[in-house]
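J.: I'd like to ask some things about the structure below.
The values are calculated or read from the model by the stated rules, or taken from the named source; none is laboratory data. Quantities reported herein were computed from a predicted structural model and do not represent experimental measurements. Counting neighbours? That spans all protein chains shown, and the Cβs are built from the backbone with ideal geometry, glycine included.
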Amino acid sequence: MGMNYERINEWILTEDCPDLSHLGKCEAVMAQGNGYLGLRAAMEERYVGETRNLLINGTFNQFDAEEVTELPNAADITAVELWIDGQRFHLAEGNWEEYRRELNIRTGELTRTVSWTAPNGKTVRLSFQRVVSLKRLHDIGLKITVEAKGDPIELKIRSGIDARVTNTGSQHFSEIEKRFYEKKYIQFVERTTQSNIDFVLNAVHQFARNGETAALQTDVNIERRYIFADYSIALKAGETFTIEKLVNVQTTRDFDAAGLTLSQLQEKSLEDLKLLEQTGYDALLEESAREWQEEVWDKIPVVIKGDKDSEFDLFALRYAQYQMRLFLPRHDNRMNIGAKGLSGEGYKGHCFWDTEIFLLPYYMFTDPQAARKLEEYRYLSLPGAHRKAQENGYQGAMFPWESAWLDDGETCPLYQGTDIITGKPIKVWSGIIEQHISADVAFGVWQYGVITGDEDFMEKYGYEIIMDTAIFWRSRLEDGQDGRYHINDVVGPDEYHEHVNDNAFTNYMAAWNLKKAAEYCEILKESKPELYARLDEKLNLKENCPKWKEGAEKLYLPQPTEEGILPMDDRFMKGQYIDLTKYKQQDFVAGIMKDYSLDQIQNIQVCKQADCLVLFYLMEEQFAPEVKKASWDYYVERTLHDSSLSLSTHSVQAADMGDDDMAYDLFRKAASIDLGPYMGSSNEGIHAASFGGVWQCVVYGFGGVRMLNGSLRINPRLPGNWSELTFTLYWKGEKLKVTVTKDHVDVQNLTGTKQVELSVNGEKRSV
Ligand code: BGC
């Protein structure tokens, strides 16, 4: 049951047997999108247990004061119900054979074919096709072909726009208007209840009988939150009937709807729908597939050669690229990437440090313009970061742990889940004390600036973010009795330990942030006096710069123990040691929470995810190899990888330490988070950051690529079963093609406008 990987070498993810008790898996991993919208792969006919999601990036709404803002689930446009001689097509009834559902990641098309015999004995061959255009951001196409096999049939079709959907119960919309135009074009308007965004959805159907356009009698129906039409037709044995459903969705939040009133948008979107109707499904698909080819596969090609296993590795890498394009808001800098991309309601569409630490590396090395938009989003959300700092008694920019719309500020829920022992709601401290996010954002900005060489960005936004976050950190430092500054009462990356003091990751990152801001202050004063003056006026650099320096110097940085282990905070190593084998063997995450309350876990040596190990590769040169090795041995034993962010960090670290087998094994596990056999893992959506992680395992880990002290370094080490790895990278505007074989590294400068200096396996080179 479930996934079949036999066609992955053809870019195809296949389900060859419908699994009606685990619908969430394929709905999420076969989702489609274009950064503007994400469409979950729920089937056309309805099932109990399904989740039908159409999410439009950036359209956040707050259901009520008790809930945080989330991406609302727009009206469903994918449902198309079929009846064969009065019997509803449904895979739990009658008999099916020759079933195949496939996502072709190369073209972006989702297809499903099945032969179905209704309980009345009539057999039809059905084929479903679906595309979300990568080229026209608002447009979606569905095509259904019904072939009457042995007998004549009476086919009935019901299709429309169905707004009877919620986000697991929370209804985010008021109905505004629903109507048919010319008894043919369906329009549904709904408005988010708090953010007042109007969504206009349009649909039109066209039919063909044996390839010839057919006109059908339309029976129109308008019900509460539901507008649809019924169509009927008699087919002779052997006849084929095709239904195309062409849909568009636009909102008053869209960039390209700026300045339009609702009625203008209704009019415009209807005109757009008529154009889409003329285009038709096949041309829409072809145009979109071309866009995938040009924008992703030709622009960011990857090659892995090796044994049979390496076919899966290449697919996993390309699948990661597919996902990272699907949820990337390349069109708009006012939004970012949700932790579940656009494939489910999990994490409410909010973005986290996942963007800067896990996803940004892929974008800045392969699509710098898109990476810039993600970082501009942080700049545009500074007002929320300032508000959060003030609310917490600090200064400067304290970025939200969970971020949604630009001025929403912190959107991390205060409570989530229930304590297994006490029965009380569990308080989520991350929104208040998981503070490393501010340094992560600054770090992302710095990396982006160095790797892309985009000085325009740095001047307009980048330097300011780094300095504004430094103001926050300086106000955050606490005086200790030892004459040092400390950062007490935080959550580090490992969320199983709350209220810890001097979390290594947090302190090192904060010190880096303070130091970098002070450094830039001095550089800009000399080299860009006008910019310095502007920033000084805004951020009082004259007074702040010396404070940042002093803060960075006096901030306590945890030091390795005698055994060389970096303590992740002041408490962890004193905790109780328990045998974690049981939890490590479970095929689901957070199993430990079923046995221990979060309060108990505080005093146990167990990590949810990589913590100070993330530091080792962000600040590679700051830690001795012995420290990395000793810390690795200590923490690996105590880590459950209960966050999808953890495996890739470990894989890169293992590759850096030269443990190739371990690196490869962890890479395979990271690649299997969504693609693997665990049927429940993706119900709430895919794990966006893990795809950045998969790319990092390959390019950072096996490819050995790193930006160190402003320079590019490539130290590759291929896994034993790979014979070749090829990838491309942008370095300061020059596109490099890197090919690694067992005994050879070839770096080509494809742009060739500037000389690129780099180090390959420790030797200085220039291309
Ligand atoms: C992890 C965080 C992560 C978040 C969103 C949590 O489970 O602990 O590190 O940012 O998920 O992916």
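J.: Which residue pairs have Cβ atoms closer than 9 Å, lie 6 or more positions apart in sequence or on different chains, and pair a first residue in the range 68-85 that is more than 26 Å from Val131 (Cβ to Cβ) with a second residue that is among the aromatic types (Phe, Trp, Tyr)?
T.: Cβ pairs passing all conditions: Thr69/Phe60; Thr69/Phe63; Thr69/Trp405; Glu70/Phe60; Glu70/Phe63; Glu70/Tyr347.
J.: Could you name every one of the strands (runs of 3 or more DSSP E) located completely within the range 161-230 that has at least 1 residues being touching a Lys or Arg at 6+ places or on another chain (Cβ under 7 Å) and touching a residue at least 40 places away in the same chain (Cβ under 8 Å)? Full working, then the answer.
T.: Working: elements: 173-181, 185-192, 198-209, 212-214, 219-223.
Passing ranges, in order: 173-181, 185-192, 198-209, 219-223.
J.: For the range 399-514, list the helices (runs of 4 or more DSSP H) that sit wholly inside it and hold at least 1 residues that are crowded, with 24+ Cβ neighbours inside 10 Å and touching a Gly at 6+ places or on another chain (Cβ under 8 Å); which are they?
T.: Working: elements: 430-433, 436-452, 463-476.
Output list reads 436-452, 463-476.
J.: Would you say Glu519 is without any contact (Cβ under 8 Å) to a residue 12 or more places away in the chain, under 25 Å from Gly431 (Cα atoms) and more than 16 Å from the ligand (Cβ to nearest atom)? Walk me through how you get there before you give the answer.
T.: Numbers: without any contact (Cβ under 8 Å) to a residue 12 or more places away in the chain: yes; under 25 Å from Gly431 (Cα atoms): no; more than 16 Å from the ligand (Cβ to nearest atom): yes.
Here the answer is no, as Glu519 does not meet what is asked.
J.: Also: Restricting the search to the range 584-597, which residues are more than 13 Å from the ligand (Cβ to nearest atom), closer than 23 Å to His499 by Cβ and not charged (D, E, K, R)?
T.: Across the range 584-597, the qualifying residues are Ile592, Tyr596, Ser597.
J.: Sticking with this one: Considering the range 321-375 alone, what residues qualify as being assigned to a loop (DSSP other than H, G, I, E, B), more than 14 Å from the ligand (Cβ to nearest atom) and of a type in the set (Lys, Arg)?
T.: Matches in the range 321-375: Arg330, Arg334.
J.: Something else now. Would you check if Leu382 is within 12 Å of the ligand (Cβ to nearest atom), under 21 Å from Met458 (Cβ atoms), touching a residue at least 60 places away in the same chain (Cβ under 8 Å) and among the hydrophobic types (A, V, I, L, M, F, W, C)?
T.: On the way: within 12 Å of the ligand (Cβ to nearest atom): no; under 21 Å from Met458 (Cβ atoms): yes; touching a residue at least 60 places away in the same chain (Cβ under 8 Å): yes; among the hydrophobic types (A, V, I, L, M, F, W, C): yes.
No: the conditions fail for Leu382.
J.: Search the range 462-498 for residues being more than 16 Å from the ligand (Cβ to nearest atom) and in contact with an Asp or Glu (Cβ under 6 Å, 6 or more places away or on another chain), and hand back the single one that is nearest to Phe572 (Cα to Cα). Before the answer, list the steps.
T.: Kept after step one, since they are more than 16 Å from the ligand (Cβ to nearest atom), are these residues of the range 462-498: 462-489.
The next check asks that each one be in contact with an Asp or Glu (Cβ under 6 Å, 6 or more places away or on another chain); those that pass are 486, 488.
Working: His486: 17, Asn488: 14 Å.
Ranking the candidates gives Asn488 first.
J.: Checking Cys545 against (1) in contact (Cβ under 8 Å) with a residue 24 or more places away in the chain; (2) under 19 Å from Thr506 (Cβ atoms): exactly one of these is not met. Which one?
T.: Unmet condition: (2).
J.: Looking at the range 563-583, is at least one residue within 16 Å of the ligand (Cβ to nearest atom), more than 30 Å from Glu519 (Cα to Cα) and of a type in the set (Lys, Arg)?
T.: Taking every residue of the range 563-583 in turn, none turns out to be within 16 Å of the ligand (Cβ to nearest atom), more than 30 Å from Glu519 (Cα to Cα) and of a type in the set (Lys, Arg).
J.: Another one. Please tell me if Arg88 is of a type in the set (Lys, Arg), touching a residue at least 60 places away in the same chain (Cβ under 8 Å) and over 22 Å from Gly349 (Cα atoms). Steps first, please.
T.: Details: of a type in the set (Lys, Arg): yes; touching a residue at least 60 places away in the same chain (Cβ under 8 Å): no; over 22 Å from Gly349 (Cα atoms): yes.
The answer is no for Arg88.
J.: Continuing with the same structure: For residues that are within 16 Å of the ligand (Cβ to nearest atom) and at pLDDT below 95, tally how many sit in the range 619-640.
T.: The total comes to 0.
J.: Continuing with this model, one more query. Just to check your reading of the model, which residue among Arg571, Arg534 is over 30 Å from Val491 (Cα atoms) and basic (Lys, Arg)?
T.: One residue alone meets the criteria, Arg534.
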